[in-house]
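Note sheet for the following structure.
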Amino acid sequence: MRSGSLRRATWHRHINGVAAPAAVRDWLVTQGSLTARLVAHSEAFRVQRLHQSSGLCLADEARAIGMQRPGRVWEREVLLRCDGVPVVFAHTVVPAASTASDWPLFSALGERSLGSTLFYDPLVTRGELEFARIRAGHPLLKRARAVLGGMDDPVYYARRCLYRRRNGTLLVTEVFLPPVTSLAPTKHYK
Ligand SMILES: C=C(O[C@@H]1C=C(C(=O)O)C=C[C@H]1O)C(=O)O
């Protein structure tokens, strides 16, 4: 398999395109805020910020955020932890050309969930979810492995969603980690 294909994932508009096991599929198709659902499936939820800085967007996300070729972006990567257990590795990019008026809260998020700023802002519109199977050579798995170690499964399942606000675009990619399928709804979950 060409290395290029390892670096890039094939993003499908329909969940059937990734043939995910039922338990993972249920999480991949979560509508609304993933944060909200994870909070309802844990006693203690935490956004662990790994880094937030400028960088180059990944080869398979440039076009999705409106760039002709990979260019400079503001990049944020976090682990979402339920009761201490990492269940999602999330990677968010905003084109560096975006202005503070496009995403006024993005740079100062810290360990607050990005979802809390996206789902309650009437100016934000949300695109369609896309789904992918990502494998060992994909940069997102390399980064997750650098933080978590292990990550030896042959395939991981990911989704991504494009958000727009004023003239800005923001792409959130979520890689689901195996422990997510062990989460059970807590008493608060309706
Ligand atoms: C988009 C959401 O925000 C979550 C929080 C993120 C963050 O804080 O960086 C990233 C991905 C999301 O899973 C959500 O809650 O659905």
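The values are calculated or read from the model by the stated rules, or taken from the named source; none is laboratory data. Everything numeric here is computed off the predicted structure, so don't read it as measured data. Here the Cβ positions follow ideal geometry from the backbone for every residue, glycine too, while neighbour counts run over all protein chains shown. Just so you know, the surface numbers come from the protein's heavy atoms only, side chains and all, with ligands and any DNA or RNA stripped out. Shrake-Rupley method; radii C 1.70, N 1.55, O 1.52, S 1.80 Å.
Per residue, the chain exposes an accessible area of 50 Å² to a 1.4 Å probe, with every protein chain left in place. Charge tally around Ile134: other residues with Cβ under 14 Å, Lys/Arg +1 each, Asp/Glu -1 each, net +3.
For the chain, the relative contact order is 29 percent, taking Cα pairs closer than 8 Å that sit 6 or more residues apart in sequence and dividing their mean separation by the residue count. Between the residues Leu170, Leu80, Ala62, the greatest Cα displacement towards the positive end of the dipole of region 3-182, with unit charges on the Cβ of Lys, Arg, Asp and Glu, is found for Ala62.
Here the Debye sum runs over all C-alpha atoms of the chain as equal scatterers in vacuum, and log10 of I(q)/I(0) at q = 0.15, 0.18 Å⁻¹ comes out as -0.90, -1.35. Given the options Ala108, Val147, Cys161, identify the residue whose Cα lies farthest towards the positive end of the charge dipole of the chain (+1 on Cβ of Lys, Arg; -1 on Cβ of Asp, Glu). After comparing all options, I get Cys161.
Relative to the Cα centre, the charge distribution of region 3-182, modelled as +1 at Lys and Arg Cβ and -1 at Asp and Glu Cβ, gives a dipole magnitude of about 460 debye.
Measuring nothing but protein heavy atoms, the accessible surface of region 3-182 at 1.4 Å probe radius is 53 percent carbon and sulfur.
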